[in-house]
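A quick write-up on the structure given underneath.
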Amino acid sequence: MDLIYLDPPFNSQATYNVLFKSTAGEKSRAQIEAFEDTWHWSDEAELAFDGVMASGNSDAAEMLRAMRGFLKENDMMAYLSMMAVRLLELHRVLKPTGSMYLHCDSTASHYLKLVMDAIFGLQNFRSEITWKRTNVHNDSKDWSDVADIILYYVKDVGSAFVWNPIYLEHTKEHIASKYQEDSNGNLFTLSDMTSPHARPNMMYEWKGFPSPAMGWRYSKETMTKLDAEGRIWYPEDKKKRPRLKRYLEEMKGTVVTNIWIDIPPINSQAQERLGYPTQKPQALLERIITASSKEADVVLDPFCGCGTSIHAAQKLRREWIGIDITHLAVSLIEKRLNDAFPGIVYEVHGTPKDLEGARDLAVRDKHEFQLWASSRVKAVPFRGGKKGADTGIDGLIYFKPDGRTTERAVVSVKGGENVNVAMVRDLAHVVDREKAKIGVFITLADSTGPMRTEAVKAGYYETPYGKYPKIQILTIRELFEGKQPNIPLVDPSAFKKAAKERVGEQDALEF
């Protein structure tokens, strides 16, 4: 990898950077379980700790062992052990000329920096970036926590790692205080022409001005050229020194420092908002990718969430790899990429590619199977109540039959081998209860004749533009063959409005 960016789940609270919400406001169960299983001291945490001890990196092993002696076996130590074993692998796959950015918060940033110092070497630490991610909380009972930390390391500071300085346009206030107009109305500022270091060969008198103690910054030939171009400003007081005119149109701007206050968080009305609780602004990732990679470089995000990093990488013409834990995240990223880059070609690994793969997923994780199957028909995932509760709804498809009014289709997914007429009948009841227009029944097993007959009995959803079966049965086999629900004018632009109307903007997964 040329560049690795990771924004792993912080150890502050399970709701803070890891969980999607469904349209019913419930958080993704698979991600909740992953968080709970990962960030408590358990056999898995002990195994991760042992992995670091046996990694061959004695600095990392000694650091983690010392931290365990201080922290003991608690949630923070579990977090650090699970992160350390992953950071070792990320260091391994990073090119000698590569860079890594680790996004974290104040809960664990100081511990993570010690782990990173041990793995990468203190000499390869480049910067600690502070990003103001939110505004002041007026109800805060302490110093208002408004910033995230981004730790920046390179694999080898002695290598030719990529670094492209980022510049911001000068502010109006800066221009007003530092620039003046010449006779042609062009804005310029003045800069020093003396050398910062002793340069005996540059010590000469220039047009009545004695040599500076360290000499001039430029040779006589260069000074003559600058003077002919009118680029030198001469003071009336000979005790002062000539200065160089630098015109505003020639300046790149102000170099970005390690304090970032110019990239606002994603607000509730932002076009790029996807409903991910702490989705990062695309501008943040574009800055990082632009600064530390070049076109055709490979960018990796091993905790890619809703895909902001790989979206930015694609836009900036980088190659990329993204990894996440749930099919909900994967389907969201696929939709995001397809909407933003029509015709984009990419590969998805770890999702079912055939009927056997679908059966395997259904056996291993019922809920992930439902999320994956819903994504195959472009449905918004839906969860009502806690895990195990059955509302009869696994997804919602929003559509506009007249091009204006948003309607809904209810999706029900069955991953078992035993499906029957009663399940189809139940879906019809759910459609009526939810005042939806269409019900889509997705089944891993083949549908039966009586099931198809029951679906026909439900009748049709009739519009001035045509009529559509009210209950539609699709098998996973048919989905792999390319078949889709018969629904008029499915429109992604309707998703946000419909989700907000149903459960309120804060709890909506704006898919």
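What to note about this one:
- Of residues in region 299-346 being in the same structural domain as Q282 (by TED's automatic domain parsing) and hydroxyl-bearing (S, T, Y), the one farthest from L6 (Cα to Cα): S331
- Checking each residue in region 203-237 for being exposed (fewer than 11 other Cβ atoms within 10 Å of the Cβ) and more than 51 Å from the chain's Cα centre (by Cα) picks out E205, K207, G208, A213, E221, A228, E236, D237.
- Among the residues of region 40-54, some residue qualifies, meaning at least one is at pLDDT 95 or above and not in a helix (DSSP H, G or I).
- Residues of region 72-82 satisfying the condition of being out of contact with any Lys or Arg (no Cβ under 7 Å at 6 or more places or on another chain) and within 13 Å of W39 (Cβ to Cβ): E73, N74, D75, M76, A78, Y79, L80, S81, M82
- When residues of region 427-476 are limited to those that are in contact with a helix residue (DSSP H, G or I) (Cβ under 6 Å, 6 or more places away or on another chain) and touching a residue at least 40 places away in the same chain (Cβ under 8 Å), the one nearest to T391 (Cα to Cα): I442
- Members of region 193-208 that are without any contact (Cβ under 8 Å) to a residue 12 or more places away in the chain and part of a helix (DSSP H, G or I): none
- Region 423-459: number of residues that are under 24 Å from R376 (Cβ atoms) and not in a helix (DSSP H, G or I): 15
- Residue count, region 324-345 (criterion: in a loop (DSSP other than H, G, I, E, B) and surrounded by 15 or more Cβ atoms within 10 Å (Cβ to Cβ)): 3
- Number of the exception - R68 against (1) in a helix (DSSP H, G or I); (2) closer than 22 Å to S293 by Cα; (3) among the basic types (K, R): (2)
- The number of residues in region 103-150 that are among the acidic types (D, E), assigned to a loop (DSSP other than H, G, I, E, B) and either farther than 20 Å from I288 by Cβ or more than 20 Å from the chain's Cα centre (by Cα) (or both) comes to 3.
- Test: A30 is part of a helix (DSSP H, G or I), assigned by TED's automatic domain parsing to the domain that holds A329 and modelled with pLDDT of 60 or more: no
- Hey, V146 closer than 24 Å to V255 by Cα and surrounded by 19 or more Cβ atoms within 10 Å (Cβ to Cβ) or not: no
- The criterion of being in a helix (DSSP H, G or I), touching a residue at least 12 places away in the same chain (Cβ under 8 Å) and in the same structural domain as S412 (by TED's automatic domain parsing) holds for L371.
The values are calculated or read from the model by the stated rules, or taken from the named source; none is laboratory data. These figures come from a predicted structure and were not determined experimentally. Positions of Cβ are generated from backbone atoms using ideal geometry, with glycine treated the same way; all protein chains shown enter the neighbour counts.
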